[in-house]
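Data block below; observations after.
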């Protein structure tokens, strides 16, 4: 296992930010680490990279214990934190040379040029970091995470601040890196996770609520949406026994976990009130957003 998390807990005051979670990630896997704000994602990533110590449990990276082999582990990890720490008065190449020097990279010029090319910084490479847009600052952080050719990439919101074209470019970089590295990354852009990942871990209130391959998660039939369009305009009272949303004056959407029973009930209402159906559609598809909302929505 490239990443092994064993029953880790982190407590801030009376709050368990991370509550006894365990998971592992293999080499060649790109795993999306998802959760609402405050769920414990960034705290877990900071513990994996040694910036925070867990209050209980243990973590291993590439077979090394984080608590006893921190320097060796930092050589194996490329980390882009949520708050990207950059020196704005440095030029892009100057900053990457500084980071490369910290890692004692031998062929430094080659690695700087390679990181710049990979992250699409060529045209901006002679500028000061403070002159760059937020999206290009994010690219500099990603280049710094890649410059020492780490075995493990831990990326906290790597596409934050990027425009749609830039997101596609960075997505391709992450996918290419995932072919021979271990990648754990968080994102609030669920479409990006669906495009990049084969597996997803979802954390909520410090507890893992899902850990499975994407296709298994989205294959769950969480609920059906039945959409009905009527010829007539009706008052919502006639649908009082059903869970519904009015889409227009004569179009309604009904959420149900038992589509057959709900369709039968709808037909009874329509017949009883002498109404006429223009269309009736049943959508039972599930995407990652459906799964995420179902597992993390406040009850």
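The values are calculated or read from the model by the stated rules, or taken from the named source; none is laboratory data. Only a predicted model underlies this, so the values are computations on that prediction, with no experimental measurement involved. So basically every Cβ, Gly included, is an ideal-geometry build from the backbone, and we count neighbours across all protein chains shown.
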Open item on the list: under 19 Å from residue 159 (Cβ atoms), surrounded by fewer than 17 Cβ atoms within 10 Å (Cβ to Cβ) and at pLDDT below 80: is that true of residue 287 in this structure?
Closed with: yes
Task: Criterion: in the same structural domain as residue 76 (by TED's automatic domain parsing) and closer than 22 Å to residue 215 by Cα - qualifying residue of 141, 178 - done: 178
- [ ] For the stretch 175-191, name all the residues that are at pLDDT below 90, out of contact with any helix residue (DSSP H, G or I) (no Cβ under 6 Å at 6 or more places or on another chain) and buried (at least 18 other Cβ atoms within 10 Å of the Cβ).
- [x] 177, 178
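In this structure, is residue 83 surrounded by 15 or more Cβ atoms within 10 Å (Cβ to Cβ), in a loop (DSSP other than H, G, I, E, B) and either within 20 Å of the chain's Cα centre (by Cα) or touching a residue at least 24 places away in the same chain (Cβ under 8 Å) (or both)?
It is false that residue 83 is surrounded by 15 or more Cβ atoms within 10 Å (Cβ to Cβ), in a loop (DSSP other than H, G, I, E, B) and either within 20 Å of the chain's Cα centre (by Cα) or touching a residue at least 24 places away in the same chain (Cβ under 8 Å) (or both).
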- [ ] State yes or no: is residue 118 surrounded by fewer than 21 Cβ atoms within 10 Å (Cβ to Cβ) and free of Cβ contacts under 8 Å to residues at least 24 places away in the same chain?
- [x] no
Task: Those residues of the stretch 1-47 which are in contact with a helix residue (DSSP H, G or I) (Cβ under 9 Å, 6 or more places away or on another chain) and more than 17 Å from residue 213 (Cβ to Cβ), in sequence order - done: 2, 5, 8, 10, 12, 17, 18, 21, 35, 36, 39
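Quick one: is residue 135 assigned by TED's automatic domain parsing to the domain that holds residue 194, out of contact with any helix residue (DSSP H, G or I) (no Cβ under 6 Å at 6 or more places or on another chain), over 29 Å from residue 59 (Cβ atoms) and not in a loop (DSSP other than H, G, I, E, B)?
Criteria not met by residue 135.
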TODO: Considering every residue within the stretch 149-163, establish whether at least one is closer than 17 Å to residue 95 by Cα and assigned by TED's automatic domain parsing to the domain that holds residue 200.
DONE: yes
